[in-house]
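Everything on this sheet refers to the single structure shown next.
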Amino acid sequence: DGADIGAWGFDLAGVDPTVHPGDDFYRYANGKWLKKTTIPGDRTSWSSFTVVSEAVTQQLKWLLGNATSGSLLGNFYKSWMEEGVVNQLGTSPMRPSLDRVAKLKDAAEFAGYVGSTNFGFGNSPFAFYVGADPENPKMYVAKLDTSGLGLPDRDYYLEDSFAAYKEAYGVYIEKALGMVDWPDAKGASERVLAFEGKIAKVTWPRTKLRDPVKTYNKMTLADLAKRAPGFAWEGFFRAVGQVPADATLIVSSIGDGDDNGVPGVAGIIGEADMATLRDWAAFHLVSGSAPYLSHPFVEAYFDFYGKALSGQKVLQARWKRAVSSTKSAIADALGEVYVKQYFPQKSEEQMDELTALLKKAFAARIQKVPWMGTETKVKALEKLARFRFEVGGPKKYLQYEGLVFKDDELYANLERAIAWSWNLDLRRRGTPVDDGYWDTPPTEVNAFFDPLKNRCVFLAAILQPPFFMPEGDPSVNFGAIGSVIGHEMTHGFDDQGRQYDADGRLHDWWAPEDAKEFKTRAAAYGSQFANFTQGLPAGTRINPQLTMGENIADLGGLTIALDAYHMWRGAHAYKPKPPMMEGFSPEFEGERRFFAGWEQVWRGKHTPS
């Protein structure tokens, strides 16, 4: 992106020396970069994250282009690149499923169909999946929540500020259905919009879904049927994988009132006519399939989800879409070869040193918290002491036994990959969790904290400049990747993470008075964000109840990283040269570089959408 990251890990060419660092350090550190940088046409943003992601995508392209002929990776990627074959097939790969939708005659058949979509394309008004049990995180359990919306969030249906997007969505629905000669495409579009609007009203807002206690509702399938009448649950669970009636599951959103979640959606389905249910199922089948069909469908999908909804100007090159799809379909297969090729052992060793130092700094800060009682401090320190740090790639990779791809069957290959993954989840239900695997592949430019495993994971793809440079200036590394490490650690104690104990169990381990003090301080911190206006559209405010976890983790990460940096400085002779800011006292040169590393990581531009 034109960055000139020098030997010490910072892009000096991006600095704007006309801005006084004490007035606006972000503009000082990144001003020239912001002035000269434009968002590429095939992107909706351009930042340190997307710059690295672009580099990773190029690396993955090379790996896939050199994959063994006949291998899973080789066949899947080749099936993507056979654009002529895909165009020639048109809608034929999707037709059997579309014909099934057209013949749905009653609610029971509809329930069976949407249950079967877990094995392939299509959508369901309920998301059914398998994950660790928050109260018993060493075991897998089935989980259920509402789904079924084609727009990003319930607010797009309910808030006037999103009216233009809703209108464009209706146009897209009509176009998509018209392209497959669905009867009365215009009327169907209106019915689908009205149906999803009703679902949106009962869908839980994201602020409510952030509460791990409210979203933990354990019950049997029989209990669910009583709590949420109107939907043929027996047929749904039979189609989704022969789930027995006495099975236990966790329902995320279930309650009373207007946004009652799963019972509300079940009731809406029970009251809907079959024409509406068929329209809805047909549209989501076509839309979900569109990126993998002939070019007119790809364009129609992009025109709405890319251009209208996200502000993306140009469709990504086919090879980029192929790489992204491979990362999703057979993530572990690609992740394993990526780590072997591009992640050096030295990076892991240096990350181990950094995580150990930040852990020490975090412990010192916990011990000094003036408002936290001794009992809570002891348990907090125990949780921190049992943090696990995993770097680069997982201990184990899925080997995809029994999965077969053909090099000229893109759509069928995707169906096979979806079915294979879902069958794996079905086998896992009710069995012990294997911590050796990761849910996020090492090819993602990201890091995460897993509260149910009490571990911080730093993926191989993020461990490169500007986030991390093994040979770079330590002060910059502390400000960049050090703050990322501290960010993920702080998630273990943010408004959500603090509700999980050292074993990863959803369990209230805080003394009541300490929990009350935490909430008071978090609310005060959140009120600062609620009053921020810079960079936001007129009349828009940040909702701190939605962003609280990230707000806390950002501040905690930066603070802990700075503490760790000072610890490191106390044990090392360090004289950074040349000075970053000519004419300034050298006394705080290290701190300047620390904060420059932080600012560089967070520079970016985004489309208004």
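Projected onto its three principal axes, the C-alpha set of region 359-493 covers 62, 41, 20 Å, listed from the longest axis down.
Take the Cα of GLU471, step 7 Å toward its Cβ, do the same at VAL378, and the gap between the two points is 5.0 nm.
For SER47, the residues whose modelled amide H falls within less than 5 Å of its own, excluding neighbours fewer than 5 places apart on the same chain, are LYS605. Listing ILE269, ILE5, ILE481 from fewest to most neighbouring C-beta atoms within 10 Å gives ILE5, ILE269, ILE481.
Compactness ratio for region 289-359: Cα radius of gyration over 2.2 N^0.38 Å (N = residue count) comes to 1.68.
Our estimate of slack between LEU546 and ASP106, defined as 0.36 nm per intervening residue step minus the Cα-Cα distance, is 154.5 nm.
Taking label points 7 Å from Cα along the Cα-to-Cβ direction, LEU536 and ALA164 give a separation of 2.0 nm. Seen against the Cα atoms of the chain and their longest principal axis, helix 318-329 is set at about 90 degrees. Taking other Cβ atoms within 10 Å as a rough exposure proxy, SER116, SER69 sort from fewest to most as SER69, SER116. With each label modelled as a point 7 angstrom along the Cα→C-beta vector, the LYS138-ALA317 pair spans 5.0 nm. Taking every Cα-Cα distance in the chain and sorting them into 20 Å bins from zero, the calculated P(r) comes out as 17, 51, 29, 3 percent. How many angstrom lie between the Cα centre of region 28-42 and the Cα centre of region 266-337? A separation of 30 Å, based on Cα centres. Considering only MET567, ALA412, ILE552, the residue lying farthest towards the positive end of the dipole of the chain is MET567, judged by Cα position with unit charges set on Cβ. Take each peptide in 241-254, 534-547, 152-165, count the other Cβ atoms within 10 Å of every residue, and average; sorted highest first, the result is 241-254, 152-165, 534-547. Within the shell of other residues whose beta carbon sits under 14 angstrom from the beta carbon of LEU506, the net charge comes to +1, with Lys and Arg scored +1 and Asp and Glu -1. Across the cross-link table entries LYS383/LYS453; LYS78/LYS327; LYS78/LYS346, which are compared at the Cα atoms, the separations over 23 Å belong to LYS78/LYS346.
For region 96-280, the ratio of Cα radius of gyration to the globular rule of thumb 2.2 N^0.38 Å stands at 1.04.
Only helical runs count toward this figure. For the chain, summing -39,500 (n - 2.57) over DSSP H runs of n ≥ 4 and dividing by all residues gives -15500 deg cm²/dmol at 222 nm.
Residues of region 96-122 falling in the label zone of SER328, defined by backbone nitrogen less than 20 Å from a point 7 Å along Cα to beta-carbon, are 97-98, 114-122. Measuring r between the beta carbons of MET567 and LYS201 and using R0 = 45 Å, the FRET efficiency lands at 0.30. As a proxy for reagent exposure, HIS487, HIS284, HIS572, HIS606 were ordered by neighbouring Cβ count within 10 angstrom, fewest first; the result is HIS572, HIS606, HIS487, HIS284. Computed from the alpha carbon atoms alone, the convex hull of region 327-425 holds 148 Å³ per residue. Computed from Cα atoms, the angle from the helix 512-530 axis to the main principal axis of the chain rounds to 90 degrees.
Rounded to 0.05, the FRET efficiency of the LYS340 and THR68 pair, given R0 = 22 Å and the Cβ-Cβ distance, is 0.95. Applying the Kirkwood pairwise sum to the alpha-carbon positions of region 432-477 produces a hydrodynamic radius of 12.1 angstrom.
Rounded to the nearest 10 degrees, the angle from helix 274-289 to the longest Cα principal axis of the chain is 50 degrees.
Since every read-out is calculated from the coordinates, none of them should be taken as a lab result. The shown structure was predicted, so the numbers you read here are calculated from the model rather than taken from an experiment. Methodologically, a virtual Cβ is constructed for each residue, glycine included, from the backbone with ideal geometry; neighbour enumeration extends over all protein chains shown.
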